[in-house]
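Some notes on the structure that comes next.
Each value in this text was obtained by applying a stated rule to the coordinates, not by laboratory testing. Given the structure is predicted, the values throughout are model-derived calculations rather than measurements. Glycine also receives a Cβ, built like all others from the backbone with ideal geometry; neighbour counts cover every protein chain displayed.
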Amino acid sequence: MLHWIDQHRDTLWLAGFPIYFIALWCLVGWIMGNLSGWAKLATHFRATAPFGGTCWHFQSASMRWNTRFGNCLTVGVAPNGLYLSVVPIFRLGHPPLHIPWEQITVSERGFLFWRRVRLGLGRESNIPFSIGTRLASRLRTAAGDHWPVAEA
């Protein structure tokens, strides 16, 4: 058996590496989905219909346990809620979400010149979703009267 493996090592490596890579990709996606709180939000707020509001693609945010989503989010606003999705290549473990406005809290945070807006997603779980002030301003403008009142 070892002799056969030695003779076919290159072939086995070529066949095995893609399987290993895909398995690792899936595992990392699943871990990130659970660590960030995305999986918990998906149990209550999974998007079930195509989103029809205003969207901004390739946005960034951070969530629970300082998990960062750099330039891979689509963030959307509609009168009935906030839409979040991840680019398809990272979608495993991150189904699209549609969170009603009444399930979102807003607060501003900052340190020196660094300002962020924290959205608390889900009244019960209050998963942090931290975004830059420029994206927050766009979302607030598009949401109009539906935007949650900022907490002090």
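Here are the numbers for the structure shown:
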quantity: Rh by Kirkwood over Cα pairs, then Stokes-Einstein D for segment 96-152 at 0.890 mPa s and 25 °C, µm²/s; calculated: 208
quantity: Degrees between helix 9-36 axis and first principal axis of the chain (Cα, 0 to 90, nearest 10); calculated: 20
quantity: Gain in span if fully extended, ALA150 to ASN66, counting 0.36 nm per residue against the direct Cα distance; calculated: 28.0 nm
quantity: Per-residue Cβ neighbour rank within 10 angstrom, fewest leading, PHE90, PHE58, PHE129; calculated: PHE58, PHE90, PHE129
quantity: Within a Gaussian network of the chain (alpha carbon springs, distance under 10 Å), most fluctuating of SER36, SER125, SER85; calculated: SER125
quantity: Inter-label distance for ASN34 and GLU124, nm, one decimal - labels placed 7 Å from Cα along Cα-to-Cβ; calculated: 2.0
quantity: Over the chain, relative contact order from alpha-carbon pairs under 8 Å, at least 6 apart, %; calculated: 19
quantity: Cα-based Kirkwood hydrodynamic radius, segment 38-146, one decimal, Å; calculated: 14.0
quantity: Where labels lie 7 Å past Cα in the beta-carbon direction, separation of GLU102 and PHE58 in nm; calculated: 3.8
quantity: Selected from TRP114, TRP38, TRP25 as most flexible by GNM, with the chain as the system and alpha-carbon contacts under 10 Å; calculated: TRP114
